[in-house]
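Peer 1: Have a look at this one before I ask anything.
What follows draws every value from the coordinates through simple rules; no lab data is involved. Note that the structure is predicted; figures quoted are calculated from it, not measured. Cβ placement follows ideal geometry from the backbone for every residue including glycine, while neighbour counts extend to all protein chains displayed.
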Amino acid sequence: MEKEKFKVAVVGGGNVGIAALKLLTQTNLYPDFEVVAVVRREYKPIPGIDVRVITDIEHLPGMVDAVIYAGPSHLVPTDVARILELGIPVVDSYDDHDKMSETFWELNAIASLNNTVAVVGAGWNPGTDPVMRIYMDALIPDGKVNTIFGPGSSKGHGTEVRSVKGVKDGISLTLPAEKYLRWKKYQSFPEPFSGKSVGNHLRDVYVVAERGVDRERIREEIRSLGKFKNDPTRVTFVTPKKLAEKNTELHGGILRTQSEIGFVEKRSHGKNSEMTAAVMIAATRACVRIHRRKKQCGAFSLAHIVPVDLRIGQTDQERFEGLNY
């Protein structure tokens, strides 16, 4: 039997795209993958990564089995649609929660029309966390899963911050509200959090602004963005040096549920970009396998996918090996 191989292109040279390229080309974790190309808007090689750069997805048909789309979430509806229209399976880490259902069904229609497969929102959350919630609900059916993220850097929120006109650079840190509001130093910020009811999270944003811009306009625009409008948000203007000090690749979170039946808790903490990229790579295996079976097409979330399809292995039996029963 010929060994199963996945030829992929990575679209995007940001944090997650570079993390995916490094995992695929600079570790021995994915011997079943071959990176054919990285797609960027400009012909600009990525330092330290020896992968062909192309600037147009039109070159991809016939070259790859799938695309790992690591571009920003706001471009997923258009960019992923274009790739699906070429008949190429795609995995993305779309994380706009407000528009997830709308985007999922739009991509489902396009993928179905072109007899291909899209795995939508294959990241941390959305992605693995919703799958965990399903299993936790199965274990504790009369409980309610509570999700608390942070402290750490949210890449999707940071991308939205940098999209605001007048922002030269910026990051967004996610803080677990219950913990941080008990700390005195977080009760009287130099610039306080916006006056919204406190849920599970606070958004702590740091911005390097372009010279001469209206900072108050930037502050209010960030607070009105989709990812920030429902959470108390602090926006602080800093120097590039201070921004670098505040920036972190680490993120984490807790999923917790309990009732009289029992208690279940799942904790995670690590490098946000690398963990997101690793999920996307595993999801690419499943995406291509679904496409190759030619029994289904359309959009899938991780919750729709048979878990063993994420694992390396030629057959179902091989993929089961190493699991503890």
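Peer 1: What is the angle, in °, between the Cα long axis of helix 15-25 and the longest principal axis of the Cα atoms in the chain? Nearest 10 is fine, range 0 to 90.
Peer 2: For helix 15-25, the angle is close to 30 degrees.
Peer 1: What 222 nm value per residue comes from the helices of the chain, counting each DSSP H run with n ≥ 4 as -39,500 (n - 2.57) and dividing by all residues, nearest 500 deg cm²/dmol?
Peer 2: On the way: 10 runs with 103 residues, N = 325.
The helix-only estimate for the chain comes to -9500 deg cm²/dmol at 222 nm.
Peer 1: Please state the equivalent ellipsoid semi-axes for the chain: what are the square roots of 5 times the Cα gyration tensor eigenvalues, largest first, in whole Å? If you can, show how the numbers build up before the last one.
Peer 2: Values: eigenvalues 231, 134, 62 Å².
Gyration-tensor ellipsoid for the chain: 34, 26, 18 Å.
Peer 1: Which trypsin sites (Lys or Arg not before Pro) in region 91-168 pass both tests, a DSSP loop state and at most 15 other beta-carbon atoms within 10 Å? Numbers along the way, then the final one.
Peer 2: Values: sites: Lys99, Arg133, Lys144, Lys155, Arg162, Lys165, Lys168; in loops: Lys144, Lys165.
Sites meeting the loop and neighbour criteria: Lys144, Lys165.
Peer 1: Right, another one. Which cross-chain or sequence-distant (5 or more) residues have an amide H under 5 Å from the amide H of Ala209, H modelled 1.01 Å from N in plane?
Peer 2: Result for Ala209 returns Lys168, Val238.
Peer 1: Past 24 Å, Cα to Cα: identify those pairs from Lys155/Lys241; Lys44/Lys241; Lys99/Lys242; Lys241/Lys266; Lys246/Lys271, in the order given.
Peer 2: Values: Lys155/Lys241 19 Å; Lys44/Lys241 26 Å; Lys99/Lys242 33 Å; Lys241/Lys266 35 Å; Lys246/Lys271 15 Å.
Distance filter (> 24 Å) returns Lys44/Lys241; Lys99/Lys242; Lys241/Lys266.
Peer 1: What whole number of Å gives the distance from the Cα centroid of region 30-71 to the Cα centroid of region 195-262?
Peer 2: With region 195-262 and region 30-71 each reduced to a Cα centre, they are spaced 32 Å.
Peer 1: Would you mind checking the tilt of helix 128-139 against the longest principal axis of the Cα atoms of the chain, expressed as 0 to 90 degrees and rounded to 10?
Peer 2: 90 degrees
Peer 1: Here is a further query. Any idea what the relative contact order of the chain is, in percent, if you count C-alpha pairs under 8 Å spaced at least 6 apart?
Peer 2: Worked out over the chain, it gives 20 percent.
Peer 1: How large is the Rg to Rh ratio of region 1-73 when both quantities use alpha carbon positions and Rh follows Kirkwood? Walk me through the numbers on the way to the answer.
Peer 2: Values: Rg = 12.0 Å, Rh = 12.5 Å.
A ratio of 0.96.
Peer 1: Within region 260-325, which trypsin sites (Lys or Arg not before Pro) sit in a loop by DSSP and count at most 14 neighbouring Cβ atoms inside 10 Å?
Peer 2: Working: sites: Lys266, Arg267, Lys271, Arg285, Arg289, Arg292, Arg293, Lys294, Lys295, Arg311, Arg319; in loops: Lys294, Lys295, Arg311.
Qualifying residues, ordered by number: Lys294, Lys295.
Peer 1: With label points built 7 Å along Cα→Cβ from the Cα atoms of Leu139 and Glu216, find their separation and express it in nm.
Peer 2: Using points 7 Å along Cα→Cβ, the separation is 5.1 nm.
Peer 1: Using the count of nearby Cβ atoms within 10 Å as a rough guide to exposure, how do Thr116, Thr236, Thr276 rank from fewest to most?
Peer 2: Thr236, Thr116, Thr276
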